[in-house]
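This report concerns only the one structure given below.
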Amino acid sequence: MIDLKTLREDPGAAKDSQRARGEDPALVDQILEADRRHRAALGAFEEQRASQRELGKQVAKAQGQDKAALVAQAKALAEDVKSRQAEADVADDRLTSLILRLPNLVEPGAPSGQENQFEVIRTVGEPRDFAAEGFAPRGHDEIGQGIGAFDTERGAKVAGSRFYYLTGVGTLLELALLNLAMRRATDLGFNPMITPTLVKPEIMRGTGFLGDHADEVYYLPSDELYLTGTSEVALAGYRAGEIIDLADGPQRLAGWSACYRREAGSYGKDTRGIFRVHQFHKVEMFSFTRQEDAHAEHLRLLAFEEEMLQLMELPYRVIDVAAGDLGTSAARKYDCEAWIPSQERFREMTSTSNCTTFQARRLGIRERDPAGDGTTTRAVATLNGTLATTRWIVALLENHQLEDGSVRLPQALRTELGRDVLTTLAGHAA
């Protein structure tokens, strides 16, 4: 949610943000008009309410015919107060509905435009030259089934398309990857957490996931709960309605959770293997920071993500996501995309977003204003970033495949798995 005071003082910045996203800047004017009407209606109500209190004092002191006249006057005034309160409530509902439609203001410097108008910041590592090695790279689906790492056919039999079983070395690989990510996060000062994957509507709405992409979310109407597509939702909700202490720096959390996404609109895309699925696991970083520290914290999260990709010995690039592809809550987002040999292109592995105060305002997460006298509060900033997820298995299998169908493990995972190469587990059929 955008601070109305900021919107009133600089509506041009909000309109520029809307244009950068490819959204209608007229929404800003609609919000400001609704704000004006709400303040006018609220002022009229409060003025009549004050008159009602004063008249009440006069009634209490009056006697006889004077009292009867004042009581009649008070009754008429009460009806007017009730009417004005209703008008103020309607105006407030109108204002709230409009401001909830306004996405976060894009951070200056982020590229304008839609999904394919991102900017490449840097590319790290070189893709393997499989032709020079004398064989054509297999896709992760062929490799994974060959070594018994996952089973999509039986996943579909049990749960439908885009579901799967991780099996054998696939199971061990995911556990090793996520354990390494969680240990890295803990070493970096994040508090490790296993989070709920079902949340209340107000938490899902507060984090901005019930806007344009609500069709991506699974909903359980009989329980009025949502399945989360990222532990970001539960981690943000962890501090909802609280005043937190950031005097000693950011509060950092790392959540491990199952994640669920409907993948609406993805019909025909990435149908093979486990790249685009309805259920997966992820370790997510989350930070509560002071507003002025958010940009630096964002770059810090990005650096942590890159360190993990380098530990996995994966060639990747970092992109500055275009404004029209930021989603509702993010003011800026960086994606790390790993090279996928079978597709000969980079695909997203991680994403880190600076949500500034947008989520915190909706969820009521504040700190004591460091510039105040100890009685005033202000919204904090929230940031998130992926440290590892099931999708990384795709990049690991493809980039480290060997000609015989086995997979060489990066050094960082060898201790975790107790082996250097992934092949079918002894005694387990692929």
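Each value in this text was obtained by applying a stated rule to the coordinates, not by laboratory testing. It should be emphasised that the depicted structure is a prediction, and the values quoted were computed from it without experimental measurement. Positions of Cβ are backbone-derived with ideal geometry, glycine not excepted, and every protein chain shown enters the neighbour counts.
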Under a plain spin-label model, where a point goes 7 Å from the Cα along Cα-to-Cβ, how far apart in nm are residue 47 and residue 158? 6.8 nm
Considering every pair of different Cα atoms, what Kirkwood radius, in Å, is found for the range 189-261? 13.1 Å
Relative contact order for the chain using alpha-carbon pairs under 8 Å, separation at least 6, rounded to a whole percent? 20 percent
Using only the alpha-carbon atoms of the range 98-206, report the extent along each of the three principal axes, biggest first, to the nearest angstrom. 55, 38, 36
Greater than 32 Å apart at Cα, pairs in 5/57; 5/282; 5/269; 61/82: 5/57; 5/282; 5/269
Cα axis of helix 11-21 to longest principal axis of the chain: angle in degrees, 0 to 90, nearest 10? 30 degrees
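Please pull out the direction-averaged projected area of the range 115-422, using the convex hull of its alpha-carbon atoms, in nm² to one decimal place.
16.5 nm²
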Roughly how many nanometres apart are two label points built 7 Å out from the Cα toward the Cβ at residue 83 and residue 60? 2.8 nm
Computed over the chain: longest principal axis from alpha-carbon atoms vs helix 294-311 long axis, angle to nearest 10 degrees, is 20 degrees
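Whole-Å semi-axes of the range 3-139's equivalent ellipsoid, largest first, each the root of 5 times a Cα gyration tensor eigenvalue? Display every interim value, and only then the final one.
On the way: eigenvalues 798, 45, 25 Å².
Whole-Å semi-axes of the equivalent ellipsoid: 63, 15, 11.
Give me the net charge of residue 206's neighbourhood, meaning all other residues with Cβ under 12 Å from the Cβ of residue 206; Lys, Arg count +1, Asp, Glu -1. If you can, show how the numbers build up before the last one.
Numbers: positive: 200, 205, 239, 361, 362; negative: 202, 232.
Net local charge, residue 206 excluded: +3.
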